[in-house]
Amino acid sequence: MAEPENDPIDDKPMPLLEHLIELRTRLIWAMASFAVCFAVSYYFSERVYYFLALPLAEVLRESGGHDPKLIYTQLYEAFFTRIKVAFFGGAFMAFPVIAAQLWLFVAPGLYRSEKKALLPFLAATPVLFFLGASLAYFFVIPMAWRFFAGFQTQTGGGGVPIELLPKVGEYLDLVMRMIFAFGLTFQLPVGLTLLAKVGITSSAALRRHRRYAIVGMFVAAAIMAPPDIPSQIMLAVPLIALYEISIIAAKYVEPKPQED
């Protein structure tokens, strides 16, 4: 790290009360932005619902040849499903504002070099999250739904057809959980590179523990992805690739040994 006189902190001394007031202000802005985004998402929740249900609708049309539908069996289920959809959309929309408020609270206490080091990670975080969510929505979810829809039969046991009639609440819970899970797991390079930047780990340590990391990634994929093998592989393989990218990034940012 550079010397303080050559790498100044742009902060000024503040008593504890002023720090708490600043924290409260940032929290208010973050909560207000989420509230506004939540309201907008609730207004457009029907469109968000159609967007999330589209992969299943396409699969059901391909497999059954009939108009797909989602059902609900409790009076309040449809209403609370709209609330969940609005929460999902609000979290996505408000994330940049919340991240900006966090940065505005933390940045004054950082050296200038530390700010320059952290800004690329802040920029990469939403991009990687979007890539992970897109992988889940466009590739993993349709493949998983085709696998599960394949168990439908026109003439089931005793001539009774077996038809898939998913509940709207359970379906959207599963879709939103998968999208968030894939988005969060794609933050792996950011987390590992930050750890290397502060000296907690290193590229050599990451290479040394590669085999254990690969096993852990397949375990994580088995937990987060649907229980079919192709979906789990489609999550584990990108994670392994991101781990290799993390090793390269860690080697670039890790502290260099001091020369005598």
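Residues in segment 68-100 that are in contact (Cβ under 8 Å) with a residue 60 or more places away in the chain and within 19 Å of the chain's Cα centre (by Cα): K84, V85, F88, A94, V97, I98. Scanning segment 27-60 for residues that are within 20 Å of P166 (Cβ to Cβ) and either hydroxyl-bearing (S, T, Y) or surrounded by fewer than 16 Cβ atoms within 10 Å (Cβ to Cβ) (or both) gives S45, E46, R47, Y49, Y50, F51, L54, A57, E58. Any residue at all in segment 177-189 that is closer than 21 Å to I245 by Cβ and part of a loop (DSSP other than H, G, I, E, B)? So far as segment 177-189 goes, yes, one or more of its residues are closer than 21 Å to I245 by Cβ and part of a loop (DSSP other than H, G, I, E, B). Each residue in segment 1-26 was checked for being exposed (fewer than 14 other Cβ atoms within 10 Å of the Cβ) and either at pLDDT 90 or above or assigned to a helix (DSSP H, G or I) (or both), and 9 pass.
Looking at segment 207-219, I want the residues that are closer than 15 Å to M234 by Cβ and free of Cβ contacts under 8 Å to residues at least 24 places away in the same chain and have a partner that is assigned to a helix (DSSP H, G or I) and of a type outside the set (K, R) with Cβ atoms under 7 Å, at least 6 apart or on another chain. Which pairs are those? Taking only residues 6 or more apart or on different chains, the pairs are F218/A236.
Within segment 226-252, residues that are surrounded by fewer than 19 Cβ atoms within 10 Å (Cβ to Cβ) have Cβ atoms under 7 Å from residues that are polar (S, T, N, Q) and part of a helix (DSSP H, G or I) in these pairs: K251/S203, counting only partners at least 6 apart in sequence or on another chain. Does V168 satisfy the condition of being more than 22 Å from S246 (Cβ to Cβ), touching a residue at least 60 places away in the same chain (Cβ under 8 Å), touching a strand residue (DSSP E or B) at 6+ places or on another chain (Cβ under 8 Å) and of a type outside the set (S, T, N, Q)? Yes, satisfied.
For (1) among the small types (G, A, S); (2) at pLDDT below 85; (3) surrounded by fewer than 15 Cβ atoms within 10 Å (Cβ to Cβ), each residue gets a yes or a no:
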{"site": "E62", "(1), (2), (3)": "no, yes, yes"}
{"site": "H66", "(1), (2), (3)": "no, yes, yes"}
{"site": "K84", "(1), (2), (3)": "no, no, no"}
{"site": "W103", "(1), (2), (3)": "no, yes, no"}
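The values are calculated or read from the model by the stated rules, or taken from the named source; none is laboratory data. All figures in this text were calculated on a predicted structure; none of them were measured in a lab. Note: ideal-geometry Cβ built from the backbone for every residue, glycine included; neighbour counts use all protein chains shown.
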